[in-house]
Amino acid sequence: MSQVITGLRSFLSVPIIYELFQRIMGAKRNRNYIIKKYFEPYDVKTILDIGCGPAEILYHLGDVDYFGFDISNEYIEYAKKHHNGKGHFYAKYLTEDDLEWLPKFDLVLMYGVLHHLDDDVVENIISLAYKSLKPEGRLLTIDAAYDQDQNFIAKYLVSKDRGRNVRTKDKYESFINKIFINNDVSIKHYRWIPYTHCIMEGKK
């Protein structure tokens, strides 16, 4: 994993500060967009959230069977406490062995994960996601990205992200194309606060 967790960025390891920072950055609006476009048109009943953090997205979801993995004990304990028994949470890396006992999923979500990972780890986690999906399942990833058309403020903010492997659309796409055949990869620019995401949807 490649990320900066020192200095001011270390405060983002505290779940309540992380949630507050996300709200300031417009995360709620962004999640509403993601849910409306990538969740609501589909009958999503089972979700695997890799790198779930405090699992804020669960506040926006209805009756789903949700499994969240994150390596931060603080995030996982916070999620368990604040979601009132909704969801299953695990403070660990997702591994091949976990696929033996996990159910198959309609959707695997990685929200803000890939830009924290080295190339070989990205390839491995996308492969695990593919194996964990139902025959008609989908992978959805959302990550900070560089783009030639992005606002200069967005470019600056992206450069200050804790994740040190922010990539271009083409680079992100090269990973998913190795595993999934039917893919939709796009760049989303946000005006407030200026930011740029690469959104990838892979279908089996």
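Every number here is computed from the coordinates shown, using simple stated rules; none is lab data. Values in this document were obtained by computation on a predicted structure and should not be read as measured data. FYI the Cβ positions are ideal-geometry reconstructions off the backbone, even for glycines, and counts take in every protein chain you see.
Here are the numbers for the structure shown:
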{"read-out": "Phi-based couplings in Hz for segment 184-192 (Karplus 6.51, -1.76, 1.60; Gly and Pro marked x)", "value": "10, 10, 9, 9, 10, 9, 9, 8, 10"}
{"read-out": "Taking HIS83, HIS60, HIS115 and counting other C-beta atoms within 10 Å, the order from fewest to most", "value": "HIS60, HIS83, HIS115"}
{"read-out": "Label-to-label distance, nm, for residues given as LYS131 and ASP149 (7 Å Cα→Cβ offset)", "value": "3.8 nm"}
{"read-out": "Burial ordering of PHE152, PHE69, fewest other beta-carbon atoms within 10 Å first", "value": "PHE152, PHE69"}
{"read-out": "Cβ-based net charge around ALA154, under 13 Å, with every Lys or Arg adding one and every Asp or Glu removing one", "value": "+1"}
{"read-out": "Size of electric dipole in the chain: Cβ of Lys, Arg +1 and of Asp, Glu -1, about Cα centre, debye, nearest 20", "value": "700 debye"}
{"read-out": "Cut-off 10 Å between beta-carbons: net charge of the residues surrounding PHE67, Lys and Arg +1, Asp and Glu -1", "value": "-3"}
{"read-out": "The chain: antiparallel DSSP beta bridges as a percent of all, rounded to 5", "value": "45 percent"}
{"read-out": "Distance from segment 64-95 to segment 130-204 (C-alpha centre basis), Å", "value": "23 Å"}
{"read-out": "Footprinting exposure proxy for THR196, THR141, THR95 (fewest neighbouring C-beta atoms within 10 Å first)", "value": "THR95, THR196, THR141"}
{"read-out": "Proximal lysines relative to LYS134, as straight alpha-carbon distance under 27 Å, when same-chain residues fewer than 8 apart are discounted", "value": "LYS36, LYS37, LYS45, LYS80, LYS86, LYS92, LYS104, LYS169, LYS171, LYS178, LYS203, LYS204"}
{"read-out": "Distant-in-sequence amide H partners of ARG167 (H built 1.01 Å from N, under 5 Å)", "value": "TYR146"}
{"read-out": "Within-11-Å neighbourhood charge of ILE76 [Cβ basis; K, R +1; D, E -1]", "value": "0"}
